[in-house]
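The values are calculated or read from the model by the stated rules, or taken from the named source; none is laboratory data. Please read these numbers as outputs of a predicted model, since none were measured by experiment. No Cβ is skipped: glycine too gets one built from the backbone with ideal geometry, and neighbour counts run over all protein chains shown.
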Amino acid sequence: YVLMVPAVLQTDSPGQVCLQFLNLNETISVRAILEYGAVNTTIFEKTMTASNGLQCFNFTIPPLNSAPLAFISFSAKGSTVNLEERRSVMIWNTESIVFVQTDKPIYKPGQSVMFRVVALDFNFKPVQEMDPWGNRIFQWQNVTSEMNIIQIEFPLTEEPILGNYKIIVAKKSGDKTNHSFLVKEYVLPKFDVTVTAPESLTVLDSEFTVKVCGVYTYGQPVEGKVQISVCRDF
């Protein structure tokens, strides 16, 4: 006989077990049970003959508890047939993974914060926005995604509390995903300037090359005007 059992079962999806007997010359009783925790669920229980061929049976997968390990027990009995088999399977939760992304990591007072939530399912509990003191400043309830993407925008006040803000997305199961961004006053970025010039010149040199390079601390070049003065040191 051939018994086909999936190695992994996913919650909220139908499970399936397929069975076929070869060279069967009698009528037999077959039974399969899903053993998970303290609950036994009958997958199928019927009689089979040689004319049945390949048989597939769908069943409901129970919600995941603390232990993902389950067993499928199979038995077949007839006048000359007495078979028993027990296979282990894993039950996985199909709950979605949620990603939260803002349009930039740092905002100034008065700017608008735009963020998106991407998930594999369609139902969310309230989306909350909290300031650095833990105060809830915005909340969106019963949010439903289109094409599994939610896009939301909200304004910051002209005088907000400065610091790290947190976006909290709660799923139906109660699991939460957090994403933080920073609100601070605008400060001119710092940069370094390097000057490269010849160490010495001769009276025959009519000109020489000087290179000036300005680079921000985060590695990008500085655009601007440069004034260079050449003085003789007496």
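When the residues of the range 10-39 are filtered to those that are among the aliphatic types (A, V, I, L, M) and part of a loop (DSSP other than H, G, I, E, B), the one that is nearest to residue 73 (Cα to Cα) is 38.
Residue-level check: of (1) at pLDDT 90 or above; (2) surrounded by 10 or more Cβ atoms within 10 Å (Cβ to Cβ), residue 209 misses just (2).
Among the candidates 161, 152, which residue alone is outside any strand (DSSP E or B) and under 30 Å from residue 115 (Cβ atoms)? Even if it seems obvious, please write down each step before you answer.
Values: 152 fails: outside any strand (DSSP E or B).
The unique qualifying residue is 161.
Could you check the range 155-202 and list, in sequence order, the residues that are touching a residue at least 12 places away in the same chain (Cβ under 8 Å), of a type in the set (Val, Ile, Thr) and surrounded by fewer than 11 Cβ atoms within 10 Å (Cβ to Cβ)? Across the range 155-202, the qualifying residues are 157, 193, 194, 195, 196.
Taking strands (runs of 3 or more DSSP E) that do not extend beyond the range 171-220, which have at least 1 residues that are more than 25 Å from residue 131 (Cα to Cα)? Give the derivation first.
On the way: elements: 176-183, 191-196, 211-216.
Of the strands (runs of 3 or more DSSP E) lying wholly inside the range 171-220, those with at least 1 residues that are more than 25 Å from residue 131 (Cα to Cα) span 191-196, 211-216.
Out of 225, 166, 171, one residue alone is modelled with pLDDT of 85 or more, in the same structural domain as residue 103 (by TED's automatic domain parsing) and charged (D, E, K, R). It is 166.
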